[in-house]
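Undergrad: So that we are looking at the same thing, I have put the structure below in structure tokens.
Read-outs: derived from the displayed coordinates by stated rules, not from any lab. Since this is a predicted model, take the numbers as computed values, not measurements. No Cβ is skipped: glycine too gets one built from the backbone with ideal geometry, and neighbour counts run over all protein chains shown.
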Amino acid sequence: MTTRGKFITFEGGEGGGKSTQAKRLAVELAASGLEVDLTREPGGTPGAEAIRGLLVGGAVERWQPWSEALLHYAARLDHVRSRIEPALAAGRWVICDRFADSTAAYQGFGHQLGRESIARLHRLVLGEFKPDLTLILDLPVELGLRRASARGGGEDRYERMDRAFHERLRQGFLAIAATERERCAVIDASAEPDAVFAALRAQVRERLGR
Ligand code: TMP
């Protein structure tokens, strides 16, 4: 029987370098002989990428907070069922740039829907499905927003939300990490990219043995 693959997620606020680091981890794990599927949220399937367009651009106020949370979960359900689950079942390791903790942090803490409400939504839609390891790239809000705005690209609806929103979601990620220590590792993302990678690479080796 095929051994189920591992599911690794990257999380954190804006400008922490998640995408670059996730790509680098995918390349290293693939070079070590694993089959790796690198993906992202919102997105990862044609349907979920279409929903992404509704969420990351346009006016800050275009959605009610609950509409936003439901759109993220509509995208996530499609992504999990048609891509992530089949890959894990086939023995591939899946690396995802953002996942459910982003809804807990951005909509639960940032938009103040509450962590428990988002946890209930998660159980309703995806049951107990969760990552094997979550790497939370943490950095001061000011620095992250500066880096993110330098990147440009038009997918900046969340970046345009106010400072207090970003401070709340940063504290949200740290609160999640504090209560789910066996799943989550907080990585200092204000360091140089090579140092950030070394820190998260050590966590993967220590916790997942690769
Ligand atoms: P990205 O910039 O990391 O690609 O993510 C797109 C934006 O979507 C980012 O600003 C965070 C936000 N987001 C949420 O608010 N809730 C979610 O559940 C996810 C996955 C992303």
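Undergrad: Kindly write out, for the range 203-210 in residue order, the coupling ³J(HN,Hα) from the Karplus curve 6.51 cos²θ - 1.76 cosθ + 1.60 (θ = phi - 60°), rounded to whole Hz, with x marking Gly and Pro.
TA: Karplus-based 3J(HN,Hα) across the range 203-210 equals 5, 5, 5, 5, 8, 10, x, 10 Hz.
Undergrad: Still on this model: Rg to Rh ratio, the range 123-204, alpha-carbon atoms and Kirkwood radius?
TA: Details: Rg = 14.6 Å, Rh = 14.5 Å.
A ratio of 1.01.
Undergrad: A further question on this structure: Can you list residues from other chains, or at least 5 along the same chain, whose modelled amide H is less than 5 Å from the amide H of V186?
TA: For V186, whose amide H was placed from the backbone, the distant partners under 5 Å are I136.
Undergrad: Treat each spin label as a single point 7 Å out from the Cα along the C-beta direction, and report the R210 to E180 distance in nm.
TA: In this crude label model, R210 to E180 measures out at 2.0 nm.
Undergrad: Moving on to the next point. Taking H as built 1.01 Å from N, whose amide H comes closer than 5 Å to the amide H of T39, not counting residues under 5 places away?
TA: I95, C96, D97
Undergrad: Mind checking the dipole of the range 8-147: about its Cα centre, +1 per Lys or Arg Cβ, -1 per Asp or Glu Cβ, Debye to the nearest 20? Mind dumping the intermediate values first?
TA: Working: 17 positive and 18 negative charges, 28 e Å.
For the range 8-147, the charge dipole is close to 140 debye.
Undergrad: Residue farthest toward the positive end of the dipole of the range 87-210, with Cβ of Lys/Arg at +1 and Asp/Glu at -1: which of I136, Y106, A89?
TA: A89
Undergrad: If you don't mind, another one. Using r as the Cβ-Cβ distance of R163 and L70, and R0 as 41 Å, what FRET efficiency do you calculate, to the nearest 0.05?
TA: 0.95
Undergrad: Ranking Y73, Y158 by Cβ neighbours within 10 Å, fewest first, what do you get?
TA: The order, fewest Cβ neighbours first, is Y158, Y73.
Undergrad: What are the ³J(HN,Hα) couplings of the range 179-187, residue after residue, when phi is run through the Karplus curve with 6.51, -1.76, 1.60 and θ = phi - 60°? Round to Hz, x for glycine and proline.
TA: The phi angles translate into 9, 10, 5, 6, 9, 10, 10, 8, 10 Hz.
Undergrad: Continuing with this model, one more query. Taking just the alpha carbons, could you work out the radius of gyration and Dmax for the range 4-66, both in angstroms?
TA: Expressed in Å, the Cα Rg and Dmax of the range 4-66 come to 14.8, 45.
Undergrad: At q = 0.08, 0.10, 0.12, 0.16 Å⁻¹, what is the base-10 log of I(q)/I(0) for the chain according to the Debye formula with one equal point scatterer per Cα and no solvent? Please give it to two decimals.
TA: Cα-only, vacuum Debye calculation for the chain: -0.25, -0.40, -0.58, -1.09.
Undergrad: Return, ordered by residue number, the residues of the range 111-139 whose backbone nitrogen is under 17 Å from a label point located 7 Å along Cα→Cβ of T3.
TA: The answer is 132-133, whose backbone nitrogens lie closer than 17 Å to the label point.
Undergrad: Measure of size requested: the Rg and Dmax of the range 28-140, with Cα atoms as the atom set and Å as the unit; please supply both.
TA: 14.6, 45
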